[in-house]
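Peer 1: Got a structure here, written out as structure tokens. Questions coming.
The values are calculated or read from the model by the stated rules, or taken from the named source; none is laboratory data. This one's a predicted model, so the numbers in the text were calculated from it and none came from an experiment. Glycine gets a Cβ as well: all are built from the backbone with ideal geometry, and neighbour counts include every protein chain shown.
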Amino acid sequence: MNVEAEQVRSMVVSFADAWNRHDMEALAGLFAEDAQFVNVVGLWWRGRDEIRGAHEFTHRTLFKLSHLTVADIDVRFPTADIAIARCRWVLDGHVSPEGAALPDRHGILASVVQRDGQQWRIIDSQNTDVIEGVLSRPQ
């Protein structure tokens, strides 16, 4: 694997690390100032500050005891300075708004990242819950 791909993979792992420390300042620092993020229920956040604020709220409530595991990180380079990173994730330890424990969730996070000097920054992310048994086409 080349150096650039390893840097992007490391950024995906850093997302999970920041999540698991509940350090939303570090998580937000992975994003470009004008980044966008669509979460698993379709909320669309625009800008690093909005992304940070939304995650701070959920990490004080629903995700305060959660743990995120990422796997199967795939990186493609449409151009030398743009990469698409996808990973599968498992989230455990989260609770309902009423505080009841919820079963583990599984999903896929897709992020477009751009080289910013020597670093890579997320410029756009789309998160998707994987819902087992749901058909993708009519029968």
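Peer 1: If the requirement is being exposed (fewer than 12 other Cβ atoms within 10 Å of the Cβ), within 15 Å of GLN7 (Cα to Cα), out of contact with any Asp or Glu (no Cβ under 9 Å at 6 or more places or on another chain) and not acidic (Asp, Glu), which of these qualifies: ARG76, ARG60?
Peer 2: ARG76
Peer 1: Moving on. Please verify whether GLN126 is exposed (fewer than 12 other Cβ atoms within 10 Å of the Cβ) and under 23 Å from ALA26 (Cβ atoms), treating the condition exactly as stated.
Peer 2: It is false that GLN126 is exposed (fewer than 12 other Cβ atoms within 10 Å of the Cβ) and under 23 Å from ALA26 (Cβ atoms).
Peer 1: Now a separate question. With the requirement that a residue be surrounded by 15 or more Cβ atoms within 10 Å (Cβ to Cβ), more than 12 Å from the chain's Cα centre (by Cα) and aromatic (Phe, Trp, Tyr), what does segment 2-50 give you?
Peer 2: Scanning segment 2-50 gives a single hit, TRP45.
Peer 1: Also: With the condition being farther than 23 Å from ALA35 by Cβ and touching a helix residue (DSSP H, G or I) at 6+ places or on another chain (Cβ under 7 Å), I'd like the strands (runs of 3 or more DSSP E) fully within segment 63-135 carrying at least 1 qualifying residues.
Peer 2: In segment 63-135, 67-79 are the strands (runs of 3 or more DSSP E) which contain 1 or more residues that are farther than 23 Å from ALA35 by Cβ and touching a helix residue (DSSP H, G or I) at 6+ places or on another chain (Cβ under 7 Å).
Peer 1: Would you confirm, using the coordinates I've provided, whether VAL40 is assigned to a loop (DSSP other than H, G, I, E, B), under 18 Å from ILE123 (Cα atoms), touching a strand residue (DSSP E or B) at 6+ places or on another chain (Cβ under 6 Å) and touching a residue at least 12 places away in the same chain (Cβ under 8 Å)?
Peer 2: Answer is yes for this residue.
Peer 1: Which condition number in (1) at pLDDT 95 or above; (2) within 22 Å of ARG121 (Cα to Cα); (3) not hydroxyl-bearing (Ser, Thr, Tyr) is the one that VAL90 fails?
Peer 2: For VAL90, the failing item is (2).
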